[in-house]
1. Those residues that are aromatic (Phe, Trp, Tyr) and over 13 Å from residue 371 (Cβ atoms), I need them from the stretch 446-491; list them, please.
2. Check every one of the helices (runs of 4 or more DSSP H) wholly within the stretch 20-98 and list those with 1 or more residues that are of a type in the set (Asp, Glu), at pLDDT 80 or above and surrounded by fewer than 20 Cβ atoms within 10 Å (Cβ to Cβ).
3. In the stretch 318-339, which residue that is touching a helix residue (DSSP H, G or I) at 6+ places or on another chain (Cβ under 8 Å) and more than 19 Å from residue 404 (Cβ to Cβ) is modelled with the highest pLDDT?
4. Kindly indicate which of 208, 173, 146 is modelled with pLDDT under 75 and touching a Leu at 6+ places or on another chain (Cβ under 8 Å).
5. Could you identify the single residue in 494, 414, 410 that is among the hydrophobic types (A, V, I, L, M, F, W, C) and at pLDDT below 85?
6. Just to be sure, is residue 272 farther than 30 Å from residue 609 by Cβ and modelled with pLDDT of 80 or more?
7. Only one of 466, 487 is polar (S, T, N, Q), at pLDDT 85 or above and under 33 Å from the mean Cα position of the chain (by Cα). Can you tell me which?
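The values are calculated or read from the model by the stated rules, or taken from the named source; none is laboratory data. All values derive from a computational prediction rather than experimental measurement. Cβ coordinates were reconstructed from backbone atoms using ideal geometry, including for glycine residues, and neighbour counts include every protein chain displayed.
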Amino acid sequence: MFFKLVFRNSVRSHKENALFMGSLIISIIAFYVVLSLNSQDVMRYLKTLEGDAIRKLFAMISVLYGFTLFIVFALIYFASKYQIERRSHEFGVYIMMGMKKTKLLLMLLLEDTGSSALALLIGLPVSVLITEVISLVTVKIVGIGFMGHQSTFSLSAALLTAAGFFLTKLLAFLILSVKLARKEVGSLLSDAPDNVRKKDCPALSAVFLILGVVCLVLAYRQGLSGNAWATVATLRDTVVLGLLGTILLFRGIRVLIGIIARKAPGGKLSVFTFRQIEDTVIFKSGTLAICSILILVASSCLAAGIGTFASYDMYDTKRIDYTFTNFFNGSEDDLKARLSDLGVSENFSYLEELRLSHPYIVGEKDNDSAFEAGEFAKLQDELDPEFEKHNQRGSIDGFPFMIRLSDYNALLKAMGEEPLDLKEDELGLYRSSSFTYSEDLDNLVLSKRPHVTLLGKEYVMTGKMQSAPIVTDSFITLSGALIVPDQDFDYFAAGKEEVYLNGLLDRAKCSRSTMVKTYTDINAVLDKTDIDYESYLQNMGRQLFYLVAASYVTIYLALIFLVVANTILGVQFLMGQKRASGRYKTLVKLGADHKAMNKSSKRQINWYFGLPIAVACASTFFAAKSLFFGILSSRTKMNMDKMLPVVAIVAVVFCLVECVYMLIVKRSSSRFLETLMTPEREE
């Protein structure tokens, strides 16, 4: 009989708490997906390229796991507290009928264990399926291929998920059980007291509203400018302004709700509806502000994660696939012949040398500077006085690197780019792509053709600033260099060049889907020799690591915060509705039917969810763009324009998700109102 009662209560509880059950299942899925990262194909592959970075990522995930366990504990505690309050009368009846409190707690423990087991039985298989799909899609996008696919099931991730989930539920249950055991039968049988209406000062609320809007505008401005991440202080100020603005906005929005309540249109229970909304905002303005912030964080993280994934291209259109560097200072082996003997050169459509050198002083030995660009620097200062302050590494004075013009043009032609046209007395400017922050300024200065001096010879700098890669990955990175005509380069280099042999794979022989396999096969051959080389595979591995780290972590946090925010909103509303049950019972006595009360309840839910969602959606665009500035690499920021449309799509998706949550809460509310339709008998 006891176990039948447990089973019956569990079935009823699952029907009445679909919101809470769904939130638990989503949390389990999020836990497993992020904990099983090390078993996914792309992570196994990345371990061979970026082992240290991957280990750091896994260490960060462990911290994230502990942090989100704390958040989920708060969610479980809060939702379980609501369930106990909702069933308090039922528990009082059990005790009145002779059930001991220890047996009552045992019944609750069995019910809780059953619901936890059910959530895990649903969540774990779904999460395993999702990880398989994610792994297959990722390897397809990256080009690793399906042949090396392995199962993504991780026993350790499943055990950690189950252990963390059961421990948080058990801890929440123990705390609530102690509180329940201390309650007297009378307090269990009586309804929770209704909130006492607070007096509010409209003028003070209006001041809070204005201050909140001002703080949010300042935070938005700081985020859009990209300066929020400049220093720790500016980031702190931006976050504080945003948080304070949101809290003050919800504290002050009471005055608007009061105006709407007074001018509510006629209709059944319209005044009652807006009075309920007004009380909700007055008593729960802090909760609404916190939930709005959580939804904002969730939407911003999701926009950043999806935007990064959607805009990130592993394969640069302008790239060098291989760079060979086992010859310097004019002493070179016949690398082309060696590569041909190894059967490697047939994979390349371009395999040519690129020469670099410093301007060596010929004759005179006491020069402090080989290159003088006073006019160039003067124009920079005139056009942007803050340039040197923020870009200390942008100077090209002193002994800059020189790049041989014909070598560079041959590389541009192989990449499908227009060659740089320079006359004998002209120089070009080169900066690596990671230093192109001043591209517009540099091009503006170059358009004015400033005069410069290289080892006593006068030149004019012209053309557009060049940034095409000159090596594959990281052999050399130039903040500033000169592109010099061949004859002058050979003279100034004095035979002391650094020679790089660059290779571009034949795109007709290797497609995007087989690119990784081609890299791997060539590397396997080269690793058996003493040839010093780097391949685009290392560059791609680093980019792929950033993609995985940014996308997985931000989407994971987005799911957790979204679940927590919506569950808090739903549970808070249902708890408030239960506390206001006396008002609804009065309406029933006055002749209100279920249809009218249900319509009133739905309008209250629309407002209760709509207020924090509207504020969060309005802030998402600004917060997401600020997040792009802060967490993305310089290369990814170049694609920011492609990411911003994703923010709008994420906002639409969030609205759809919120509609689902609201529908679930409306159904729970409707079932609760049905229980109040029978007037109580008064003795």
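1. Scanning the stretch 446-491 gives 475, 489, 491.
2. Fully inside the stretch 20-98 and qualifying: 88-96.
3. Residue satisfying both the conditions and the ranking: 322.
4. 146
5. Going through 494, 414, 410 in turn, just one is among the hydrophobic types (A, V, I, L, M, F, W, C) and at pLDDT below 85: 494.
6. No, not satisfied.
7. 466
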